[in-house]
Amino acid sequence: MARRNDPFDIELTPELIVRAYQAGIFPMSESADSTDVFWVSPEQRGVIPLDGLIVSTSLRKAIRKSPFTVRVDTDFEAIIEACATVGEDRDETWINATIRAVYGELFRRGIAHTVEVWDGTELVGGLYGLAIDGAFFGESMFHRATNASKMALVHLVDRLNAGGFTLLDTQFITEHLASLGGIEIPRTDYEEMLAEALERQGDWTAWERR
């Protein structure tokens, strides 16, 4: 169960979003059409230990042989549009117009980031989230081709490890994330991990300088 506050009337700004994540809470909406946004703090928080990603031999082989290419931070609008679209990999979405707008501004400020999987000129998978100090807060992911979202996640974990991050927050755990090493931890444990991560300075671009 998650601790959830009622919808709020204050303006949702990039500064407020950052402070909220630093405090261990995040915003959601009931649906894409809803105008309300509320804060959530799960009692059991989803994380993927950065030394605990499960990548099967068959998945590594599929990634090596894949014709897909991974790009970072080239098309935020396409990523959030895909994540906010109901399709075969999701029955509903919590990303409304307010969230799309404020996270778009966070992207322009270099706080929100994308990992994109492309098949030529077609976007077939990816994810987005926020990099704050030594923590990465995963927001949403999608796929339109087999293994595309897994490929994005593998790249994300490699990039975070290269940049000295210590926390990958997934908010909640799905069967998909659990199969890749995602776990649930109590809120108090999460808050300790978060405090430690916020004392560090992760480097999102370190991957390019390896």
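For the chain, the solvent-accessible area works out to 49 Å² per residue, with a probe of 1.4 Å and every protein chain left in place.
Projecting label points 7 angstrom from Cα along Cα→Cβ for Ala32 and Leu59 puts them 2.7 nm apart. If a spin label sat at a point 7 angstrom from the Cα of Glu191 along the line to its beta carbon, the backbone N atoms of the stretch 37-65 nearer than 19 Å would be those of 39-47.
How large is the helix-only mean residue ellipticity at 222 nm for the chain, computed as the sum of -39500 (n - 2.57) over DSSP H runs with n ≥ 4, divided by its residue count, in deg cm²/dmol to the nearest 500? The per-residue figure over the chain is -10000 deg cm²/dmol. For the stretch 155-202 versus the stretch 11-27, the inter-centroid distance based on Cα atoms is 18 Å. Solvent-accessible area of the chain (1.4 angstrom probe, protein heavy atoms only): carbon and sulfur portion equals 48 percent. Ellipsoid semi-axes for the stretch 67-172, based on the Cα gyration tensor and the rule √(5λ), read 19, 17, 13 Å when sorted largest first.
Accessible-area rank, largest first, for Glu184, Glu116: Glu184, Glu116, with all protein chains present and a 1.4 angstrom probe.
Working from label points 7 Å from Cα in the Cα-to-Cβ sense, the Asp51 to Gln201 distance is 2.4 nm. For the chain, the calculated P(r) over all alpha carbon pairs, in 5 Å bins from 0 to the bin holding the longest distance, is 1, 7, 15, 20, 22, 18, 10, 4, 1, 0 percent.
The values are calculated or read from the model by the stated rules, or taken from the named source; none is laboratory data. Please read these numbers as outputs of a predicted model, since none were measured by experiment. Don't worry about glycine lacking a Cβ; one is built from the backbone with ideal geometry, like all the others, and counts go over all protein chains shown. Note: areas computed on protein heavy atoms with side chains; ligands, DNA, RNA excluded. Shrake-Rupley method; radii C 1.70, N 1.55, O 1.52, S 1.80 Å.
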